[in-house]
Amino acid sequence: MVKVERSYPAPESLAIEKAKSSGKYDKPDVIEKLKRDFHDKCYICEMKGLQDPVVEHLLPHKNGEYVDRKFDWDNLFWSCGHCNGVKNRKEYDIGIIDCCKRDPEKLLRFDLVEGDVVVCPFDEYDKGAILTAKLIYEVFNIKNTGMRIQKSEHRLKKLQVEMNCFYKLLEKYKKFPGNKRYRAMLEASLRRESAFAAFKRAYIRKRQREFPELLEILL
Ligand SMILES: [Zn+2]
């Protein structure tokens, strides 16, 4: 999870639909804006190019019971169906980190240790961060249904492949430090909009003595 810059004003359809008895929060203007703002990346698992995107409510609207939440632009997020489903549990109702308002990279430590996802809050008393760390771990590991085994494993595999490519690229960059092509590839790979950016950016932060000149990309 990385910081996302939400654009304003809110899509026009939200206010129009809110006034209706069975209005929709997923009209084309909402979808287009969310997809663009979130760089077509699930804000929870950071997988790109989603085949099953959904409009996620950060705070649940409970089947329309909370009308304000249902149509509040600040409460709508771009997610994959898997993460949306995993998050749909009472314990997450109090609210995970709002990545449009708080920078998750300043609140959570992301790591891949021997192929396993490790996400920890920096502040052990920050409830939103604790909950977010748990959710991110879960979306890569939950196996309580046959389909979720597939979907969790698919995400973990994609993350591992991305990280392995990233490590290889770093090795090449270390070998040929002046190479502009490798530097440009690293910059692209470390941008917030790239897949699994939080993990790659955390890797560089952890090795900042080795790669001090790459820290500027993380700003
Ligand atoms: Zn996801």
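The values are calculated or read from the model by the stated rules, or taken from the named source; none is laboratory data. Everything quoted here is computed from the prediction, not taken from an experiment. Cβ: placed from backbone, ideal geometry, glycine included. Neighbour counts: every protein chain shown.
Any idea how many residues of region 21-48 are loosely packed, with under 13 Cβ neighbours inside 10 Å, closer than 17 Å to F71 by Cβ and either under 17 Å from the mean Cα position of the chain (by Cα) or modelled with pLDDT under 95 (or both)? Number satisfying all stated conditions: 2.
Where in region 71-168 are there strands (runs of 3 or more DSSP E), lying fully within it, with 3 or more residues that are closer than 20 Å to D52 by Cα and within 13 Å of the ligand (Cβ to nearest atom)?
Numbers: elements: 76-80, 108-113, 116-121.
Of the strands (runs of 3 or more DSSP E) lying wholly inside region 71-168, those with at least 3 residues that are closer than 20 Å to D52 by Cα and within 13 Å of the ligand (Cβ to nearest atom) span 76-80.
Among the residues making up region 12-51, a single one is of a type in the set (F, W, Y) and away from the ligand (no atom under 16 Å from the Cβ): Y25. For H154, the conditions (1) closer than 18 Å to V119 by Cβ; (2) within 17 Å of the chain's Cα centre (by Cα) are fulfilled apart from (1). Annotation: of all residues in region 52-67 being more than 11 Å from the ligand (Cβ to nearest atom) and exposed (fewer than 15 other Cβ atoms within 10 Å of the Cβ), the one that is nearest to E138 (Cα to Cα) is K62.
The lone criterion from (1) without any contact (Cβ under 8 Å) to a residue 40 or more places away in the chain; (2) touching a Leu at 6+ places or on another chain (Cβ under 9 Å) left unmet by Q51 is number (2). Sub-9 Å Cβ pairs linking a first residue in region 193-213 that is of a type in the set (S, T, N, Q) to a second residue that is surrounded by fewer than 18 Cβ atoms within 10 Å (Cβ to Cβ) and at pLDDT below 95, at least 6 apart or interchain, are Q208/L215, ordered by first then second residue.
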